Amino acid sequence: MTDALQINSKPKNYLSGEDVLNWSIATMARSPKEILLTELITTTICACPSLFFVWIGRDIYLDSPSEALFLVYTSAGAALYLIALIIRQKTIYNYTLKTDGATVEYYLHYPDFASALFKGIAIFVILAFVLVALITGSLLFLVGPVAMAFVAAIKLLNWENPVHHRQTAPWHLHEFVTVDHKRLMVIIHCEDITSGFAARFPSKALMDKYLAFLRKALPANAQYIEKATNWHQG
């Protein structure tokens, strides 16, 4: 028996019970440990090209160290961009707790103007390619990396932020509950503790309400395990 259903489009909802709790939270899906490790790896990868070019032109940079500032700024900017907009990007979770199960709707958090911005960038890139084609009278420039950029622009033009849905199995099928007090998370499992339905909370008080409900709704022999987790699924 699977712990939860995960479908990109909205699944057929078998839950018909009354609402018990509703809450939303915007948070990073991965654990702080995983985020820190990813940040270190990203920073290292961004620094490697600059270090390579500095090593190649070491004679020039030894005589004029300020010449290397551009490489340093470029690497730092790239790392900060990736960390801020991708690695530390938050996910919005909308939870509904019912008497016969729970559901969550989640999607990546983008500012309200993101869709217009992405489409504007895509249109600019496409028009630039069309202009180059008209000037050169040839489409041969649409080869290799440029072709990949053109395809990416087309996809960006049709960009939509996908919304994902999950729902629990019936309460009586769950056998384990993992409680992570540090991350304010509760994960309920059926037979397999490596998969389950994770609930994230903006406050400890709300998490305690959820746990109190689970102790009544889940089987009496369900095992509660308190530990830190690296859980990042929905």
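Taken together, the values in this text are just the output of simple stated rules run on the coordinates, not laboratory data. Quick caveat, the model's predicted, so the values are computed rather than measured. Heads up, the Cβs are rebuilt from the backbone with ideal geometry, glycines too, and the neighbour counts pull from every protein chain shown.
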In the chain, lysine pairs with alpha-carbon atoms under 24 angstrom apart (chain gap of 8 or more, or interchain): 25
Which of ILE41, LEU214, ILE135, positive extreme of dipole for the chain (C-beta unit charges): LEU214
Spin-label pair LEU21/LEU62, simplified geometry with 7 Å Cα→Cβ offset, distance in nm: 6.4 nm
Extension gain from CYS48 to ILE92, taking 0.36 nm per residue of separation minus the Cα-Cα distance: 12.5 nm
Positive minus negative residues near ASN230 (Lys, Arg vs Asp, Glu; Cβ under 15 Å): +4
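Please give the length that would be gained between ALA76 and ILE193 if that part of the chain were fully extended, namely 0.36 nm times their separation in residues minus their C-alpha to C-alpha distance (nm, one decimal).
Details: separation 117, 0.36 × 117 = 42.12 nm, distance 4.01 nm.
Net length gain for the segment: 38.1 nm.
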3J(HN,Hα) from dihedral phi, segment 151-157, Karplus parametrisation 6.51/-1.76/1.60, rounded to Hz, x for glycine, proline: 4, 4, 5, 4, 5, 5, 5
Distance-filtered residues of segment 16-51 - backbone nitrogen under 19 Å, label point 7 angstrom along HIS232 Cα→Cβ: 26-46
Read-out mean projected area of the Cα convex hull in nm², derived from the coordinates shown; its label in (1) 13.3; (2) 22.2; (3) 18.6: (3)
